[in-house]
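The structure under discussion appears below in the form of structure tokens.
The values are calculated or read from the model by the stated rules, or taken from the named source; none is laboratory data. Every value quoted in this text rests on a predicted model; they were computed, and no experiment measured them. Cβ atoms come from the backbone with ideal geometry, glycine included; neighbour counts cover every protein chain shown. All accessible areas refer to the heavy atoms of the entire protein, side chains included, with ligands and DNA or RNA removed. Shrake-Rupley method; radii C 1.70, N 1.55, O 1.52, S 1.80 Å.
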Amino acid sequence: MKDAVAALFEQALDQLIDEDIIQATDRRVVQIENTRDPAHGDLATNVAMMHAKAAQMAPREMAEVIIDKLPPSKMIRYIEIAGPGFINLCLAQEIAFEPVINCLEHNEHFGHHGHTNERIQVEYVSANPTGPLHVGHGRGAAYGATLVNLLSARGHDVEAEYYVNDAGRQMDILAVSVFLRYLEKTGQCVSFPSAGYRGDYISDLGERLLRKSSISSKIKFNELLKNVIADSEEKKDAHIDGLIQNSKQCLGGEWWQPFDLALSAILSDIKEDLSEFGANFDQWFSEKSLVSSGEINMVIAKLEDRGHLYENAGALWFRSTDFGDDKDRVVRRENGETTYFTSDIAYIANKLSRGFDRIIYVWGADHHGYIVRIKAAAQALGFDPGRLTIRLVQFANLYKDGERLQMSTRSGSFVTLRELREDIGRDACRYFYVMRKADQHLDFDLSLATSQSKDNPVYYVQYAHARICRVFEGINDTPFDQNRGINNLADLTTQEELDLATTIGRFPEVIKRAADGLEAHLVCYYLQDLAADFHRWYNGSRLLVETLETRDARLALAKAVQIVIRNGLSLLGVSAPRSM
RNA sequence: GCGCCUGUAGCUCAACCGGAUAGAGCAACCGCCUUCUAAGCGGUAGGUUGCAGGUUCGAUUCCUGCCAGGCGUGCCA
């Protein structure tokens, strides 16, 4: 609708340029917007004000000239110039319900856009497989999953990916933690390192290792302490690194038993958790594969060739300051090991070479310091950093009964995402996590999320859907005839009905805006608006009336609302219940 | 110190990439159930958009400075 109207104005501008009233270089894109105030008609545009200055005319005068050139159209009932030079349009009554017809016709595809041929990858969650997902990961998961849905609905080819950090020091710490618990289970006395992972699941994995493994070596805990710096607050890292080194040495090839056991158990737990959360991935990309494929070394060589590396104090550095970073970064440590960042460079090179037009990273806000360096790496490798979009997700604070819940990972007593889901349900989780702008702090009120009232936006929206379903179940004589409804939409004349039709017509735009701006929260606000429009209508007028023509016209409108709510909730990964 | 993000009604947040009288919900107050779900609806009240400048027809939006809060700033991941 907007596009059609915009096209009319574009034609008018073409004319004015032909007539030399406006210079082609001064031309601006026509913006049509929904009016906020009904007194301003249905749509409004500021074209006149945008072109007035260049054409050396008063805005209102410019508006008259533009309107004069506007091709005639059945869509428009009347046009008026208002305020400082706005052009307000009132649409023809006959087309007011076009969105409803459109919606009924396209059903589950209503709101979706045609193919764009743009390939986009969205990488999200990517939590280290060192433990179960906790509530902090939930927001990234919900946001990322919704983005994937939105971008698909927008017409892009989207691939969702999870980067598995299955190499590196954190994994070694995990493996040694499990191994030490295993030693405990064999009856040894172990002083557990303060830098180790402590959760109950580590002990469980130690137990499983004892039951299933075939570790032949008879290792005494004391042997592992040989030449290892004593554990202390300042030296805890050196302490655990020593334990890891000795464990690897003593275990030899058997080192991989605790390692693989822990990795596969935790990863499959994460996969199951995310799948139950409705966050689906096309690809689980292993960091280890970058090591075994030699891509890490290749990327170092490539940077070397391009002259972006230098040696200093025994380490190999990437001169990221050439690309705006405030500090150069180490790619190979003094001890010969590469860093987490080196893997990231190899990974970004791998992603970029897979031919995506756009690559989106969803990161926790604590990673914002990495944006510059990852873009620097892409640039140093000769890629256009403009292909990368990094979206930060701020942390969510959980509240229950007005009290903020503390999440301490130290004791291992954190709230897992699974616990949260079991507590308040997937629907409320998904909705609340994306309800706010992603880069904004989120207060997640658990009491509200479970409350069954209009204060709870999830229930409010779902309730509208359930109410519609119930109305349809209430038809007991002549069945609903959609064509009869469509043919009699002119029977719908109240303000509530017109408002609903307009709101339904906004849905495709909302998807476009939300997808283009990566702003998932817009879907929530939209659905709340739509639900409010519906509840208002429902409350004031009866749908199942005697006259079949009017009844079916109303039912057609109700069905369109139902479709939009279902489509919208499905983008969010939230169910649309038939009864509540 | 430096970098990034944020500051809008008492609270939680919107505001269509510069537009008209800045909008919702909660909390407060007043109303609406013999009717398809009251898990709902209507109404009243609530603002110097952190502060001060600047850019222009027009600023919550863009620029500068200041104030306040959050996060980051490892040869950690």
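Tabulated values for the structure
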| item | result |
| --- | --- |
| In the range A:359-406, residue most open to solvent (accessible area, probe 1.4 Å) [restricted to those that are more than 24 Å from A:Tyr433 (Cα to Cα), among the aliphatic types (A, V, I, L, M) and within 11 Å of RNA strand B (Cβ to nearest atom)] | A:Val372 |
| Residue in the range A:167-180 that is farther than 26 Å from A:Leu133 by Cα and open to solvent by less than 70 Å² (accessible area, probe 1.4 Å) present | no |
| Members of the range A:75-118 found to be open to solvent by 30 Å² or more (accessible area, probe 1.4 Å), within 14 Å of RNA strand B (Cβ to nearest atom) and more than 37 Å from the chain's Cα centre (by Cα), listed by number | A:Tyr78, A:Ile79, A:Glu80, A:Ile81, A:Gly83, A:Pro84 |
| Among (1) closer than 30 Å to A:Leu147 by Cβ; (2) open to solvent by 20 Å² or more (accessible area, probe 1.4 Å) - the single one A:Glu311 does not satisfy | (1) |
| Candidates A:Arg554, A:Arg536, A:Arg566, A:Arg542 - the one that is touching a helix residue (DSSP H, G or I) at 6+ places or on another chain (Cβ under 6 Å) and open to solvent by 10 Å² or more (accessible area, probe 1.4 Å) | A:Arg536 |
| Helices (runs of 4 or more DSSP H) within the range A:370-482 that include 1 or more residues under 22 Å from A:Phe277 (Cβ atoms) and of a type in the set (Val, Ile, Thr) | A:417-424, A:426-434, A:446-450, A:457-473 |
| Candidates A:Val178, A:Val148, A:Val158, A:Val122 - the one that is outside the structural domain of A:Lys74 (by TED's automatic domain parsing) and either within 30 Å of A:Ser213 (Cα to Cα) or within 16 Å of RNA strand B (Cβ to nearest atom) (or both) | A:Val178 |
| The lone exception for A:Val458 - which of (1) closer than 22 Å to A:Ile563 by Cβ; (2) open to solvent by 50 Å² or more (accessible area, probe 1.4 Å); (3) at pLDDT below 95 it fails | (2) |
| Residue in the range A:330-338 that is within 16 Å of RNA strand B (Cβ to nearest atom) and on the phi > 0 side of the Ramachandran plot present | yes |
| Index of the failed condition, A:Asp37 passing every other in (1) within 15 Å of RNA strand B (Cβ to nearest atom); (2) surrounded by 17 or more Cβ atoms within 10 Å (Cβ to Cβ) | (2) |
